[in-house]
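K.L.:
Below is the structure I would like to discuss, written out as structure tokens.
The values are calculated or read from the model by the stated rules, or taken from the named source; none is laboratory data. Model, not experiment: these values are computed from the prediction. Here the Cβ positions follow ideal geometry from the backbone for every residue, glycine too, while neighbour counts run over all protein chains shown. Note: areas computed on protein heavy atoms with side chains; ligands, DNA, RNA excluded. Shrake-Rupley method; radii C 1.70, N 1.55, O 1.52, S 1.80 Å.
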Amino acid sequence: MELNNVKELLVNPANTVDTDVLVIGAGPTGLALAVDLARRGVPALVVERADGLFPGSRGKGLQPRTLEVFDDLGVLDAVRAAAGPYPVGVIWQDGECKGEHRMAEETQASEAEPYHEPWMLPQWRTQEILGARLTELGAEVAFGRELVGITQDADGVTASFTSGTPVRARYAVAADGGRSTVRRALGIGMTGEPGMTMDPNPTLVADVRITGLDRGNIHFFPPADGEGEGGVAGVMAIFPLAGTEDFQVVAQFPEGTDVDLSLDGIRKTVGARSHLSPEDVTEVRWASDFRPRAAMAERFREGRVFLAGDAAHIHSPAGGQGLNTSVQDAYNLGWKLDAVLRGGAAPSLLDSYEEERLPNAADMLGLSTRVHRGQVRRGAATRQLGLGYRGSSLAVETRAGLPQQALQAGDRAPDGARGGVRLFDAFRGPHWTLLAVGTDTALPTLAGARTVRIPPYEAYGTGVFLVRPDGYVGWAGGTAEGLGAYAARLGVA
């Protein structure tokens, strides 16, 4: 099937549509995966039960590691044009500004880590940008396609829908959210179910228009003295959403409260908890009432079906880890599906998806839970630049006696410029990169890799590094001895 063959799916219900990868869900996870597959030329189809993309901004923080992924996927310029850094927070009490609050520890950009701070972008806008990139690559999303059944055999997966054509695919990826229909159909449990709500207090999240409030700060409204245990449960925060005229209101309520999501209800909340008048809230564009949850799927794969994003792990929004961890899932899986489907790699390569992503997602889930509970601040760990895959079956380190802090196989490959080469420019694209740093050792010819030589660079030391398509060091050595066998195993040669 051609990448853009959505019309066949919609108008030819008598036939089964065939594709290589079926992506179920058009949130950030599914769209990021679809973009990665499309730029590789892998036939894929994205289906979404809703009639359009998600309209709200529940996920609004893009961590530095995600910005690196978006750089590679070709959407960073659009993201940076629409987004902005998190502004300083101001704390209000009785209509007066009482102090400042920074959402995260301040950091500085470096040569190795050029994107050093999270950027704010409403989820709906992130999805629009990814969707536009997908269209640019010749693919589309089939909306209004609600999955009702999924079966698999030794050769592929068959998905059926409430209406329209069934789809036959070699692999399927469930990116259909925390209440994943696919996950439930596969019988994969979530740790913490059924009592997986980590906080029983309902939380209002709403995108609104407000007058009389500046857009240069995040605004925090603590409860008045003595109100924390009663009618007001916690701080209300109002975020100016970068690149829009909207604000996001986040307010927690006591357990058992029936949160009013109407314009009048949100006006009452804002008026009661701030110095603003209820009428200053002029419009509600999207609103949700949710309970922060934390849960992890027992496994990320069942045969030819993979779980990714919220279908695999559900985070508290604190710390901005959920959407970002989900994008990392997609980025890890995309190149592996391509390597198996078109690159000649053994299907066993796909086992490394769960091997690598499940422990990383578990770590991020624990981190977001600790941030939610106020046990840690947002800092280096929440930026996700330190995540890696040391110990993975795909990480082969042939040098002995390296200090723990030295760059090793499994680590994120740093950026930098040496010898007229910027490394992120060299890495960008769906290929592997064979990188020789400070050595003139002979290198093998790898058809699936770009070869780059640079002078010594302290972020790497010296040696030979085979950098994966997702920007992690797969193989490292003092020379290239033994590299060929590794490359052949992964379909690079």
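K.L.:
Just need a number here: residues in the range 153-193 that are over 27 Å from residue 348 (Cβ atoms) and among the hydroxyl-bearing types (Ser, Thr, Tyr).
P.N.:
5
K.L.:
Something else about it: Would you check which residues across the range 475-486 are under 29 Å from residue 33 (Cα atoms) and either surrounded by 23 or more Cβ atoms within 10 Å (Cβ to Cβ) or more than 30 Å from the chain's Cα centre (by Cα) (or both) and list them?
P.N.:
Result: 475, 476, 483, 484, 485.
K.L.:
So in the range 53-79, with the set limited to residues that are open to solvent by 30 Å² or more (accessible area, probe 1.4 Å) and modelled with pLDDT of 95 or more, which one is farthest from residue 274 (Cα to Cα)?
P.N.:
That would be 74.
K.L.:
Any residue in the range 209-220 that's open to solvent by 30 Å² or more (accessible area, probe 1.4 Å): show its pairings with residues that are outside any loop (DSSP other than H, G, I, E, B) and acidic (Asp, Glu) at Cβ separation under 6 Å, as long as the two are six or more apart or on different chains.
P.N.:
Final answer for the pair search is 209/283; 211/280; 212/280.
K.L.:
Right, something else. Quick one: in the range 71-80, which of the residues that are touching a residue at least 40 places away in the same chain (Cβ under 8 Å) and out of contact with any Phe, Trp or Tyr (no Cβ under 6 Å at 6 or more places or on another chain) is nearest to residue 130 (Cα to Cα)?
P.N.:
Only one residue fits best here, namely 75.
K.L.:
Would you mind stating whether residue 272 is within 19 Å of the chain's Cα centre (by Cα) and of a type in the set (A, V, I, L, M)?
P.N.:
Judged against the criteria, residue 272 is not a match.
K.L.:
Test each condition in (1) over 18 Å from residue 388 (Cβ atoms); (2) in contact with a Lys or Arg (Cβ under 6 Å, 6 or more places away or on another chain) for residue 488 and report the one that comes out false.
P.N.:
Here residue 488 meets the rest and fails (2).
K.L.:
Can you give me the ranges of the strands (runs of 3 or more DSSP E) entirely in the range 364-474 with at least 3 residues that are at pLDDT 95 or above, hydrophobic (A, V, I, L, M, F, W, C) and surrounded by 21 or more Cβ atoms within 10 Å (Cβ to Cβ)?
P.N.:
432-437, 463-467
K.L.:
Filter the range 269-286 down to residues that are open to solvent by 30 Å² or more (accessible area, probe 1.4 Å) and of a type in the set (Gly, Ala, Ser) and give me whichever is modelled with the highest pLDDT.
P.N.:
277
K.L.:
Condition first: among the small types (Gly, Ala, Ser), open to solvent by less than 30 Å² (accessible area, probe 1.4 Å) and part of a loop (DSSP other than H, G, I, E, B). Now tell me which residues in the range 109-135 satisfy that.
P.N.:
Once the filter is applied, which keeps residues that are among the small types (Gly, Ala, Ser), open to solvent by less than 30 Å² (accessible area, probe 1.4 Å) and part of a loop (DSSP other than H, G, I, E, B), the range 109-135 yields only 112.
K.L.:
Condition first: of a type in the set (D, E, K, R) and out of contact with any Asp or Glu (no Cβ under 7 Å at 6 or more places or on another chain). Now tell me which residues in the range 424-451 satisfy that.
P.N.:
425, 440, 450
K.L.:
Sticking with this structure for a sec: Determine whether the range 162-175 contains at least one residue that is surrounded by 23 or more Cβ atoms within 10 Å (Cβ to Cβ), touching a residue at least 24 places away in the same chain (Cβ under 8 Å), in contact with a helix residue (DSSP H, G or I) (Cβ under 7 Å, 6 or more places away or on another chain) and under 30 Å from residue 206 (Cβ atoms).
P.N.:
Within the range 162-175, one or more residues are surrounded by 23 or more Cβ atoms within 10 Å (Cβ to Cβ), touching a residue at least 24 places away in the same chain (Cβ under 8 Å), in contact with a helix residue (DSSP H, G or I) (Cβ under 7 Å, 6 or more places away or on another chain) and under 30 Å from residue 206 (Cβ atoms).
Okay, residues lined up against (1) closer than 30 Å to residue 62 by Cα; (2) of a type outside the set (Asp, Glu); (3) touching a Phe, Trp or Tyr at 6+ places or on another chain (Cβ under 6 Å):
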site	(1), (2), (3)
383	yes, yes, no
425	yes, no, no
435	yes, yes, yes
443	no, yes, no
455	no, yes, no
473	yes, yes, yes
480	no, yes, no
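K.L.:
Can you name every residue in the range 21-42 that is open to solvent by 10 Å² or more (accessible area, probe 1.4 Å) and either on the phi > 0 side of the Ramachandran plot or out of contact with any Leu (no Cβ under 7 Å at 6 or more places or on another chain) (or both)?
P.N.:
27, 29, 40, 41, listed by residue number.
K.L.:
Return the pair list, or none, for Cβ contacts closer than 7 Å from residues in the range 280-296 that are under 15 Å from residue 203 (Cα atoms) to residues that are of a type in the set (Lys, Arg) and open to solvent by 30 Å² or more (accessible area, probe 1.4 Å), at least 6 apart or on different chains.
P.N.:
288/58
K.L.:
Only residues in the range 464-493 that are in contact (Cβ under 8 Å) with a residue 24 or more places away in the chain count as the first member; pair them with residues that are of a type in the set (Asp, Glu), Cβ under 6 angstrom, at least 6 apart or cross-chain, and list the lot.
P.N.:
473/411; 476/397
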